[in-house]
Every structure is written in C-alpha cells, then in structure tokens.
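Only one structure is covered here, and it is reproduced in the block below.
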Amino acid sequence: MNGFASDPKTMHSSSRALLDVRGLKVKFKTNRGEGTAINDVSFTLRRGEVLGLVGESGSGKSVTGMSLMGLIENPGRICGGQILFDGIDLAKLSDLEMERLRGKRIAMIFQDPMMTLNPVLRISTQMIETVRAHDDVTLVEARRRARDALGQVGIPRPEERLDAYPHEFSGGMRQRVAIAIALLHKPDLIIADEPTTALDVTIQAQILSEVQKLTSEYGTALIWITHDLSIVCGLADNVAVMYGGQIVEYGPVAEVIRSPRHRYTDGLLNSVPSRNRRGDRLRQISGFAPSIFSMPQGCAFRPRCSFADDACHQTPPLATHGNHAHRCWHPISSREGLGS
Amino acid sequence: MTTWLAQRLVQSVFVVLVMTAIVFVGVNVIGDPVSILISPDANQQERARIVAEFGLDQPLWSQYLSFLKGTLQGNFGNSFVYGMPALQVILSRMPATMELAIAAILLSVLIGVPLGLYAGLRPHSFFAKFMMAGSILGFSVPLFWLALILIMFFSVYLGWLPASGRGQTVDFLGIGWSFFTWDGLSHLCLPVLTLSIFKISLIMRMVRAGVREVLPQEYIKFARAKGLSRQRLLYVHVLKNIMIPVVTIIGLEFGSLIAFSVVTESIFSWPGMGKLIIDSINVLDRPMIVAYLMIIVFIFVTINLIVDILYTTLDPRVRLSRD
Ligand SMILES: Nc1ncnc2c1ncn2[C@@H]1O[C@H](COP(=O)(O)OP(=O)(O)O)[C@@H](O)[C@H]1O
Ligand code: SF4
Ligand SMILES: [Mg+2]
C-alpha cells in the first residue's frame, strides 16, 4: 500500500530526511498572557529511525508532537519554523490537506489508554472509520483490515473482539487497539506520546517490544515521547532532551547517556534508578519546571542549576560537536562526565 | 438484557399500582365523595340509593379492589358532564395534546441541538454569547406571560396567526390532526412556540455544556489524529456522547408537556386533555379526574421505560452493568 516505507531501495536511495523540523515555535495566548511553549526546536528523522523525546512534564513534548500532527488549536498556534515532512512543509498545509495526511502517513498514540477510545462506539466502528477515512474500500474489506490489525498487535480472537466496546478491554489491551489503529495505514511516522506511562511495568515492556517489532518490520519512523530516560536507552537511535520548550541536548542515545553535556540531562540521568551504583542516593533535580508564562531569562534551567553564573542570563546557543548538540554555557566536559 | 427488561417492566407495573392506591386515597378517602356526588338538598332515600350505587357503603379495601378492577379494565365510570365513559372522553382529546407535545419537542430538538452544537464549538462568538444570554430569558419568562405576549404581537398586532382553537383538521387513522392542513399548522404555531421556548433554552444549554465537556477529551484528539473529517467527528464522536443526557431531558420534558399542558391549552383554547381536565376540575367531574390522573401516570411510566431502554442502546457501559 505504501511503497515508501516498506521498500528498502527507496529507503536507501533517498538521502532526504523523512522529517526535518527547523526552528519550530509554538505560542499559547491565554488570559495569563502569551507564553512560548516551543521555542526554536529543530531535529531530523530518517525513515525507520527512532527518536526519543525526553523531558519533565511541561517541557513541551506533547505540544511538539501535536504540532507535527497539525493539531495545535486555539489558544495555541505555530508561529515560526518549518515542519518538512517528505519535503512538504506541514505548517503551511490547509486543514483539509492535513486531514488527509493525518492517520494516513503520520499517526499518533496517546498517553492514557483508558481515554483514547470513544467509550460509546464499538472498536470495529472506530477502526473501520479510520480505514475508510483514507481508503475507498468496502465495509467488508475495511473490517477485514481492522481484524488483521488487531491480530498483529497481539489481541487474541480478533474477529470476536472487534465488536466489543472499549470498556471491555484492559488498559494494556486498549493501548494495543490504539496501536493497531495507528498502524492501519502503515504510516511513515508514528508519534507515541508516553503510551506506556499509564501502564504497569510488565505490560509497559510488552507494548514497547511490540511497537519496536512492528515499526522495524514496516520501516516506520518513530518519535517516542517519555519522561523516562531509561525507556529510551534500548529503543531509540537518537534522543532529544527537552527543557522549557527547547531541545537542550540532542544526539545519538549511547553517546548522550555515556557523556551528557547539558546539566539538565545529567540531572535526569542521576534520577534514573538503574543507572546509579548501589549505595548511591538517587538525586532528584530540585525545584520545578518553569511555566511558559514566566520563563527565566536566558537559560531556562538557570534557577535550578548549581553551575549557573552571569553568562547563563543569555540564552545559550546550540553548540554542535559532530552529531551531538547541546545548549549550555558550561557543558560537562567528557572527563567530568566520566568522573562524576 | 432481557432479564433487566423484565425487571424493569415489573417495576413499572408496581409504580402504576402504587399510584392507583394514592389516587384512590386522594379522591375517595381524603375528599368526601358523597358531598361531590349528591346535591345538598337530596333526601335521605336518594342519598342511600346513590351511596349503594357507587358502593360507598362497602369497606374501604373492597372499594379499592373494585376501583382497581375498573382501572385495569379502563372503566372509570361515566363522566358526569358528558355522560360517556370518562376514559373515552379523555382519549378523544388526547391526539390534540399529543400533537402539541410532539410538535413542541420536535421544534425544541431541531432548534436546540444545532444551536447548542454551534455554541459549544464557537463559545466565544457573538452569536453564541447572544443565544446563551437569550436562553436565560427563555428559562425565566413565565409561560402564561409569554403566551399572552405572543398573542398580542402575532395575533392582535400583526394579525398573522390565529390565537385559539385547532383550526381545520384532517382525519388520519380515525383521528383528527392539525398537522396536515395549513390552517391547522397556523393554529399550532403560537402554542408550540410558547411551549418550546423553555425547552429550546434547556436543550441548547445542555448540548453546549456537553460539547464543551467532550471536545477536550483524549478520544476526540485521537479521533482527529486518525484523520477523520470534522463532520464525522461532530456527528458521530461528539453527538453520540452528548445524546445520553439529552435523551433523558427530552423524555422528562415530553412527559411534563403532556401532563402540564393545562396552562397553554387554556390560554389558546386548545381542545386537548389539559383544557378538559381544568374544566372537569371546575365542575368536580370525579371520574374524569381519576381517569386523567391514571392516564398521566401511565404515560409517565411508559416514557421513563422508553428513556431507560434508549439509554441502554446509547451507552454501552450502562448496558454492561445490566447484563
Ligand atoms: N492548551 C494550552 N493552553 C495553554 N498552555 C498550554 C496548552 N497546552 C500546553 N500548554 C503549555 O505548554 C507547555 C508544554 O506542555 P506539554 O507539551 O503538554 O508538556 P509535556 O512535556 O508534559 O508533554 C506547558 O507548560 C503547558 O502549560
Ligand atoms: S547554561 Fe548555565 S544555567 Fe543553563 S544548564 Fe548550562 S550552566 Fe546551567
Ligand atoms: Mg505530555
């Protein structure tokens, strides 16, 4: 159906990135004033690649994902930058053009599986409408595709379960249904916004490996949003760490985890249990994430950073070393990173 | 589901039975039937004859049983005024009331739901704010006052619409209906408008509140992420969730339209049940009052049952708990 994603020849011959986000800026205008939720966010994603988008709650991960889907609504608006998807700037598309793309070439999965399916509509209704929103097929054919998709994500007896309502599924099963819906059109890109956060650990792991398997099977690019760095380790190729609406560190996962440059990334890593040696205390980053309506001047992390000085009152530029970039005036040197 | 329905039916019958007891006590025990039935200047013999004829000398429980028996057979006795079985008199007036009630509900839904959807989708638009302010007026204006204003304006001042009666009716299924003639329709206008204003306001506000509640839900975001059209989103995903409370309100309002049509029917001289019962109460036509009360009980119980069944078809979660 979708020659691009599954055909290895096109995958390799096209050097153009699937997704190229450049200087994205999103603002929200409320009665508290105007706040910048996303400020100058740039990253690229090749076909089949997995990007981990990591950061505390409120750092702008969801808003980034929703911008790519063209789902930013009042009081928010994209007010700068480009979202080049396969060469087309999504930020410039009309509502109708975006509607045709959504669910077909870019799909999204959300955080709370208990809330993502409409409680009063059958699973079959919610799947068939997705098929028929983009492909002109018969009801029978749409139903067959829906059933196959349910089978693929590991739902037992898909034919029977198709006519059930969401409340008849467990949280984990509902998230599988949502994934099945996202995969219906074998999209080029799936944005997964904390899809396992609300689930317990074993189910989290199952879903994670299921998504990994299916996306690599179809060559689907994946943006995995999470506040948990440890999830990203085994999953992603690249990681982007967000803070205060900016990407503060960006690079290959192994490298970022081995030698973080930004002070915030370091703090995040120290709060991951598995990474700490036994006996070490887990160190949570003290303080709170800033509100978009009262962003600190300069580096947004400044009020919580023990290395902050006068220089940090200026916004740090994005400093790139090879494919590893960061926004910090006083980055951790690789020696210091290893020693601490 | 079937067991639930059976239980629900038994419940309904029980409610009707309880109501027969209440109506019986209200009319026969609290009120003095003798004083109603017999003129004060009747002599002793006449008195005894009537008391015996109506079984008023029997013990209370046997009076109730014969009342119950009559009720079940639809026999409430002859109307004192019309000299015909009370039930028959009332039923002959029912189509007029039903016509008014159905027209008013239809109009309220057809206007209230789209207005509510609009106000929910564009809450900050001038029109939405205007309609919301207007709906407060629609809530607070007394029915009779509204009726009189409408008559003053459309009938007296403009002379466009008739202010009383049903106009020309056409027989359909053996019953006369105003729906089918222009004259009849023009007679329907003012009473239906009077009855609808409140309900339009109510439905509009409920739909608006529902839209405001449903739109930010995660499942709407997900549905949009699937690439559904706006229409599909609104008319399937949003509307089906909103219809649950709206159906309840429509049911209740329909019941009260039939039961409390008294005011409107009196003002517009609409020959329905409400007008009839007021006339009957004025002349203390006891069989008519009893028959009317029982019919209203029956209608209310039936509407509740239908709403409950609709509920189960609309909300699968309710259905599950009833399986
Ligand atoms: N509809 C909205 N109105 C106002 N502010 C919003 C809205 N949506 C998001 N924001 C703001 O944007 C910032 C980023 O939010 P979000 O992307 O949801 O964070 P997260 O990283 O937890 O997903 C938050 O500070 C939030 O307050
Ligand atoms: S720029 Fe300054 S305040 Fe920001 S993280 Fe680096 S050292 Fe800390
Ligand atoms: Mg989020």
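Observations, loosely collected:
- Phi-derived couplings, Karplus 6.51 cos²θ - 1.76 cosθ + 1.60 at θ = phi - 60°, listed residue by residue for segment B:41-48: 8, 6, 7, 4, 4, 4, 3, 4 Hz, with x used for Gly and Pro.
- For A:C299, A:C79, B:C189, A:C312, order by how many other beta-carbon atoms lie within 10 Å, fewest first: A:C79, B:C189, A:C312, A:C299
- For A:E249, the shell of other residues with beta-carbons less than 9 Å away shows a net charge of +2, using +1 for Lys and Arg and -1 for Asp and Glu.
- Sequentially through segment A:172-188, phi angles give Karplus couplings (6.51, -1.76, 1.60; θ = phi - 60°) of x, 5, 5, 5, 5, 4, 4, 5, 4, 5, 5, 8, 3, 9, 6, x, 6 Hz, Gly and Pro residues having no value and appearing as x.
- Net charge over other residues, Cβ less than 13 angstrom from the Cβ of A:Q204 (K, R count +1; D, E count -1): -3
- Taking amide H positions as modeled 1.01 Å from N, with prolines and chain starts lacking one, the residues under 5 Å from A:L18 and 5 or more places away or on another chain are A:L45, A:R46, A:R47.
- For A:A107, the residues whose modelled amide H falls within less than 5 Å of its own, excluding neighbours fewer than 5 places apart on the same chain, are A:L189, A:I190, A:I191.
- The aspartates and glutamates whose alpha-carbon is closer than 15 Å to the alpha-carbon of B:K275, local same-chain residues fewer than 8 away aside, are B:E99, B:E265, B:D285.
- B:K129-A:E73 FRET efficiency (beta carbon distance; Förster radius 25 Å; 0.05 resolution): 0.80
- Pairs with C-alpha atoms separated by more than 20 Å, drawn from the list A:K186/A:K213; A:K29/B:K240; A:K25/A:K92; A:K61/B:K221, are A:K29/B:K240.
- Relative contact order for segment B:52-211: 29 percent, from Cα pairs under 8 Å spaced at least 6 residues apart, divided by residue count.
- FRET E, pair A:S286, A:S216, Förster distance 41 Å, beta-carbon r, rounded to 0.05: 0.55
- Remark on A:G80: its backbone amide H falls under 5 Å from those of A:K25, a criterion applied only to residues 5 or more positions apart or on other chains, H modelled at 1.01 Å from N.
- Positive contributions from Lys and Arg (+1) and negative ones from Asp and Glu (-1), summed over other residues with Cβ under 11 Å from the Cβ of B:S280, come out at +1.
- When the Cα positions of B:V262, B:I149, B:Q45 are compared along the charge dipole of chain B, B:I149 comes out farthest toward the positive end, with charges on each C-beta of Lys, Arg, Asp and Glu.
- Counted over the protein assembly as shown, the DSSP beta bridges are approximately 65% antiparallel.
Read-outs throughout are calculated quantities, based only on the coordinates presented, and are distinct from any laboratory measurement. Source: prediction; values computed, not measured. Cβ sites come from the backbone with ideal geometry, for glycine too, and all protein chains shown count toward neighbours.
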